[in-house]
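S.K.: Take a look at the following structure, please.
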Protein chains: 2
Amino acid sequence: MSTEKNILEGAKSLFMQFGLKSITMDDIARKVGVSKKTIYQFFSDKNSIVFKSVHEHFSDHRNEIEKVLDNSKNSIEAMYKISKCMKLQVEAVNPTVLYDLQRYFPKAHKRFLEFKNTFIKDRMTKIIEDGIASGFFRKEINTEILVIQRIEQAQLAFNNEIFPRDKFDFKEIHEQLFDHFLHGILTEKGKEKYNQYLNEEHDA
Amino acid sequence: MSTEKNILEGAKSLFMQFGLKSITMDDIARKVGVSKKTIYQFFSDKNSIVFKSVHEHFSDHRNEIEKVLDNSKNSIEAMYKISKCMKLQVEAVNPTVLYDLQRYFPKAHKRFLEFKNTFIKDRMTKIIEDGIASGFFRKEINTEILVIQRIEQAQLAFNNEIFPRDKFDFKEIHEQLFDHFLHGILTEKGKEKYNQYLNEEHDA
């Protein structure tokens, strides 16, 4: 692995564990086992490490989701898998990252918003439209409104003021919100398919 | 009506129409047709008018909701009516009010949070628990998580960054989110009851 790649990997792992704001260039140098001088050969400042890390993170995440969707047999499986993907990703990240992004790293935050409001929104819209066409999802729903609320809702689970971590289990929140979202759009036919899918997942 | 009551009514109507921040003591005096000196006989400053207005607003709103719930025949009707009540209330208020509250009037904002996180949360929890007991709502749901998300979701419709007013119709957002929320918790038996209720509402 190149030194630049090494530095980014080290920084990313520190950021995900401890948030963006609290990590210093010294922390990164120590973690990677290089001098700060070496780091500055590749990155002008911490801002640029944060941006590059966030950018790479969402590019990887996007590729992962594309792959998962390519391998989905129907829109219910696709909804399930895209949510599982996002859950795993969120679980791996310290909740302060989102707060730090919003507050201190506007350029990297913009990258996150783009991922969320363009890539995820487009994919979920496509999944739901397919699901309506297949008779799995109710045709009465306004896809755009529900996709937006689902994306925002997924972030709610993150919010320590709304769901304090000492009181709620993140996994439980995620599962409840996903299951509720899906039941809210499923037709009878869709419900059968979903239960069948859950049983298969369970047996697998 | 007493002068104090007159001032409060005038201030409330200005606040609801234009938000809290932009309204001055002069505006209120003009609206009510009294001098500023008269206003200061009853209220020490604008802060205190804001707090009193917000306090009264939520006390009235609470009484209204209690009455509506007393007259509901079952938990589906109760959910429908509590949502309709909140929709009407939200529609009557300029969306900047919530923003102004959060930003500039912490004491009055606390009053709003109390209304939302204590009164509304308690009532909705009770309705859902009753609905589960009656077989209208799915027993697999985690009531607390879903009540919290429903309350937060209702505020989402307010958010101009998430649902820009020039693009979305507030009524449509509200109806979609309510209908989706309910479908997400309804059993088959509950769905029948809900459709029956909607038909009756429609005929009424």
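We did not get these values from a lab; they are worked out from the coordinates using the rules stated. Please read these numbers as outputs of a predicted model, since none were measured by experiment. Cβ coordinates were reconstructed from backbone atoms using ideal geometry, including for glycine residues, and neighbour counts include every protein chain displayed.
S.K.: Quick test of your reading of the structure: residue B:87 fulfils all but one of (1) under 13 Å from the mean Cα position of the chain (by Cα); (2) under 19 Å from residue B:49 (Cα atoms). Name the failing condition by number.
M.R.: Residue B:87 satisfies every listed condition except (2).
S.K.: Is there a residue in segment A:96-107 that is more than 10 Å from chain B (Cβ to nearest Cβ), more than 30 Å from residue A:23 (Cβ to Cβ) and among the β-branched types (Val, Ile, Thr)?
M.R.: No - not one qualifying residue is present in segment A:96-107.
S.K.: Going by what's in this entry, would residue A:141 be described as crowded, with 16+ Cβ neighbours inside 10 Å and over 19 Å from residue A:73 (Cα atoms)? If you could, list the steps in order and put the result at the bottom.
M.R.: Working: crowded, with 16+ Cβ neighbours inside 10 Å: yes; over 19 Å from residue A:73 (Cα atoms): yes.
Answer is yes for this residue.
S.K.: When you scan segment A:53-68, how many residues do you find that are more than 16 Å from residue A:82 (Cα to Cα) and surrounded by fewer than 19 Cβ atoms within 10 Å (Cβ to Cβ)?
M.R.: Total meeting the criteria: 2.
S.K.: For segment B:37-48, what are the residues that are part of a helix (DSSP H, G or I) and exposed (fewer than 13 other Cβ atoms within 10 Å of the Cβ)?
M.R.: First, pick out the residues of segment B:37-48 that are part of a helix (DSSP H, G or I): B:37-42, B:46-48.
Within segment B:37-48, B:37, B:40, B:41 qualify.
S.K.: Taking the criterion of being touching a residue at least 60 places away in the same chain (Cβ under 8 Å), surrounded by fewer than 19 Cβ atoms within 10 Å (Cβ to Cβ) and of a type in the set (Lys, Arg), would at least one residue in segment A:19-32 satisfy it?
M.R.: Yes; the residues of segment A:19-32 include at least one that is touching a residue at least 60 places away in the same chain (Cβ under 8 Å), surrounded by fewer than 19 Cβ atoms within 10 Å (Cβ to Cβ) and of a type in the set (Lys, Arg).
S.K.: Which one of these does residue B:185 not meet: (1) surrounded by fewer than 21 Cβ atoms within 10 Å (Cβ to Cβ); (2) within 22 Å of residue A:155 (Cβ to Cβ); (3) facing another protein chain (nearest Cβ under 8 Å)?
M.R.: (1)
S.K.: Among the residues of segment B:130-158 satisfying the criterion of being small (Gly, Ala, Ser) and not in a helix (DSSP H, G or I), which is nearest to the other protein chains (Cβ to nearest Cβ)?
M.R.: To start, the set of residues in segment B:130-158 that are small (Gly, Ala, Ser) comprises B:131, B:133-135, B:154, B:157.
Add one more test, that the residue is not in a helix (DSSP H, G or I), and what stays is B:134-135, B:157.
Working: B:134: 18, B:135: 16, B:157: 9 Å.
Per the stated criteria, the residue is B:157.
S.K.: Of the residues in segment B:49-83, how many are in contact with a Ser or Thr (Cβ under 7 Å, 6 or more places away or on another chain) and in a helix (DSSP H, G or I)? Steps first, please.
M.R.: Pass one, segment B:49-83, residues in contact with a Ser or Thr (Cβ under 7 Å, 6 or more places away or on another chain): B:74-75, B:78, B:81.
After this cut, where a residue has to be in a helix (DSSP H, G or I) as well, the list is B:75, B:78, B:81.
Of the residues in that region, 3 qualify.
S.K.: Additional query: Across segment A:159-181, what is the number of residues that are more than 8 Å from chain B (Cβ to nearest Cβ) and either in a helix (DSSP H, G or I) or among the polar types (S, T, N, Q) (or both)? Step through it out loud before you land on a result.
M.R.: The first filter runs over segment A:159-181 and keeps only residues more than 8 Å from chain B (Cβ to nearest Cβ), leaving A:159-161, A:164-167, A:169-171, A:174-175, A:178.
Retained after the next criterion (residues that are either in a helix (DSSP H, G or I) or among the polar types (S, T, N, Q) (or both)): A:159-160, A:170-171, A:174-175, A:178.
Qualifying residue count for the region: 7.
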